[in-house]
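Below is one structure, written out as structure tokens, with a few remarks after it.
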Amino acid sequence: MNTYNRPKLHNATWPGIVGKGDQEPIISLDELLEKTAAAEVDGIKFDGVDLGLFEAHVKLDPSDDNIKAIADKIGGYGLEIGTLVAPIWPPDGGSAMGTAQDRDKFVEAVRKSAQIGSKLRDQGIRTANVIRIDSATGVEQWAQNPVENTKLIAETFRRACDVAAEYGERLAAEGEICWGGMQSWKTMLDTLEQVDRDNIGFQADMSHTFLYLLGYNAPQDRILKPDFTWDDREELERGLEFLTSKLRPWTIDFHVAQNDGTVFGSGSHDKTGRHCLPTDPNGRLNIAKDAGYWLKDENGNPSKAFNHICWDGCMFPNEVMHQQQTWNDILKALIDVRNANGWTV
């Protein structure tokens with residue numbers, strides 16, 4: 001039984017690029033859109049996609065011709081666009097705590113992303129005003145001078161926020177343990193508080209942010225007790241309740257995902273949360289229930305902090321991503337999350 005119609009259900013496009021290009025070829029935007037549009041469970045389909053502004057899929061070009069091309073392509077599959085991902089890493093961007101040139105490139109990548117986002121909203125195809133960012137720097141580099149490096153990251157984020165605000169956009173800093181200044185719940189809060197802008201928030205990912213509980217890359221900020229074992233569901237729920245109480249007030253964007261409790265990555269995404277299929281028997285999360293810690297407030301009511309949720313399946317093998325059943329299973333997981341935690345408009 002499908003109980004609610006909100007939040008809307010989105011798929012992500014960047015899993016066709018992230019971790020690809022070396023051992024496996026990039027999966028085209030067209031194939032991802034085809035699979036997303038074809039997925040259906042009990043008459044329910046994906047409402048849209050969250051779009052990574054990466055050259056392999058779309059140009060970081062706010063010209064009217066490029067905006068029309070993006071809108072026509074995605075709209076042609078009957079899909080809308082939600083959150084954007086700004087390409088704030090080299091070559092388009094640079095480290096948020098790097099040289100002056102690096103930081104200028106970071107801000108310029110956000111500016112172009114915000115221009116694109118605003119124009120897509122004007123086209124009527126984009127239903128959100130959130131752009132995803134991170135610090136574009138590793139934990140080891142950040143750890144060489146945590147205090148000053150966090151100040152630099154916050155300063156860069158402030159500049160990026162001011163640019164985004166010119167176009168009515170908000171920035172969501174994603175909680176991934178591989179990014180310096182963002183690798184634990186404490187460092188993430190510190191960074192967000194130092195930015196001190198109304199149009200910045202947190203992007204929670206059920207896989208990446210889950211590892212905050214275990215203290216990967218920040219053992220001193222571990223939340224679960226040291227002798228925690230995976231059969232201790234009570235302790236896991238205590239940890240999730242604590243984590244979400246700290247970060248949910250900042251959360252403006254949300255990724256549904258599964259995690260097996262281990263780290264995984266490639267390239268700049270090293271030692272980050274391993275995304276698992278929703279049907280993975282090794283998954284440690286009760287997806288529908290545990291999403292509720294993020295989607296509901298302290299009184300158990302839907303927070304309605306965002307109008308859509310998105311499945312992020314980065315670094316799945318191509319053989320998995322080429323199968324239509326993969327996307328049907330993912331859609332079912334999203335429907336289950338909405339049925340357990342959603343609302344009706």
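The values are calculated or read from the model by the stated rules, or taken from the named source; none is laboratory data. The structure displayed is predicted, hence computed values, not measured ones. Please note: Cβ atoms are built from the backbone with ideal geometry, for glycine as well, and neighbour counts cover all protein chains shown. Just the protein is used for accessible areas: all its heavy atoms, side chains included, with ligands, DNA and RNA removed. Shrake-Rupley method; radii C 1.70, N 1.55, O 1.52, S 1.80 Å.
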Given 0.36 nm per residue, what is the gain on full extension from T344 to Q144 after removing their alpha carbon distance, in nm?
67.1 nm
All-pairs alpha carbon distance profile, region 228-331, 10 Å steps from 0, percent:
13, 41, 37, 10, 0
Determine the dipole magnitude for the chain: charges of +1 sit on the beta-carbon of Lys and Arg, -1 on that of Asp and Glu, nothing else is charged, the reference point is the Cα centre, and the result goes in debye to the nearest 20.
600 debye
For the peptides 75-82, 287-294, 60-67, 48-55, what is the packing order when you average, over each peptide's residues, the other Cβ atoms within 10 Å and list the highest mean first?
48-55, 287-294, 75-82, 60-67
Restricting the count to DSSP beta bridges whose residues both fall in region 1-111, what percent are antiparallel, rounded to a multiple of 5?
10 percent
With a Förster radius of 35 Å, plug the Cβ-Cβ distance of N328 and D232 into 1/(1 + (r/R0)^6) and report the FRET value to the nearest 0.05.
0.60
If ligands, DNA and RNA are left out, what is the accessible area of F242 with a 1.4 Å probe, given in Å² to the nearest 10?
70 Å²
Can you give the accessible area per residue of region 6-84, in Å², using a 1.4 Å probe?
39 Å²
Once the Cβ-Cβ distance between A56 and T262 is put in as r, and R0 is 22 Å, what FRET efficiency do you end up with, to the nearest 0.05?
0.20
Sequence-distant residues sharing a close amide H with W343 (under 5 Å, placed H):
N5, R6
Between rounded, prolate and oblate, where does region 147-265 land on the alpha carbon gyration tensor, with a ≥ b ≥ c its root eigenvalues, rounded for a/c under 1.5, else prolate if a/b exceeds b/c?
prolate
Per q in 0.10, 0.11, 0.23 Å⁻¹, report the Debye log10 I(q)/I(0) for region 1-111, using one uniform scatterer on each alpha carbon and no solvent.
-0.36, -0.44, -1.27
Using DSSP to define loop residues, name the GluC sites (Glu not before Pro) in region 101-192 whose beta-carbon has at most 14 other beta-carbon atoms within 10 Å.
E166
Picking from C178, A109, C314, whose Cα lies most toward the positive end of the charge dipole for the chain (charges on Cβ: Lys, Arg +1; Asp, Glu -1)?
A109
Determine the percent antiparallel among the DSSP beta bridges restricted to the chain, to the nearest 5.
20 percent
Quick one: with all protein chains in place, what share of the accessible area of region 1-158 is carbon or sulfur, to the nearest percent (1.4 Å probe)?
45 percent
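Calculate, for region 231-345, the solvent-accessible area per residue in square angstrom, rolling a 1.4 angstrom probe over the heavy atoms of the protein chains.
42 Å²
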Which whole-number percent is the relative contact order of the chain (Cα, under 8 Å, 6+ apart)?
20 percent
With a 1.4 angstrom probe the carbon and sulfur portion of accessible area for region 195-323, in percent, totals 45 percent
Name the shape class, rounded, prolate or oblate, that the alpha-carbon gyration tensor gives for the chain, where a ≥ b ≥ c are the square roots of its eigenvalues, rounded holds for a/c under 1.5, and otherwise prolate holds if a/b is larger than b/c and oblate otherwise.
rounded
For the residue pair E241 and K151, what label-to-label distance in nm results when each label sits 7 Å from Cα along the Cα-to-beta-carbon direction?
4.0 nm
What lysines sit close enough to K119 to cross-link, taking a C-alpha to C-alpha distance under 28 Å and skipping anything fewer than 8 places away on the same chain?
K8, K35, K45, K59, K68, K73, K105, K304
Grab the DSSP H runs of the chain that are 4 residues or longer, score each as -39,500 (n - 2.57), total them, divide by all residues and round the 222 nm result to the nearest 500 deg cm²/dmol.
-11500 deg cm²/dmol
Estimated distance in nm for a label pair at Y4 and R158, the labels positioned 7 Å out from Cα along Cα-to-Cβ
3.7 nm
Per-residue HN-Hα couplings for region 303-308, Karplus 6.51 cos²θ - 1.76 cosθ + 1.60 at θ = phi - 60°, whole Hz, x for Gly and Pro?
6, 6, 6, 8, 8, 9
Residues of region 88-224: accessible area per residue with a 1.4 Å probe, Å²:
36 Å²
Sequence gap at least 6, Cα distance under 8 Å: using those rules, report the relative contact order of region 96-200 to the nearest whole percent.
33 percent
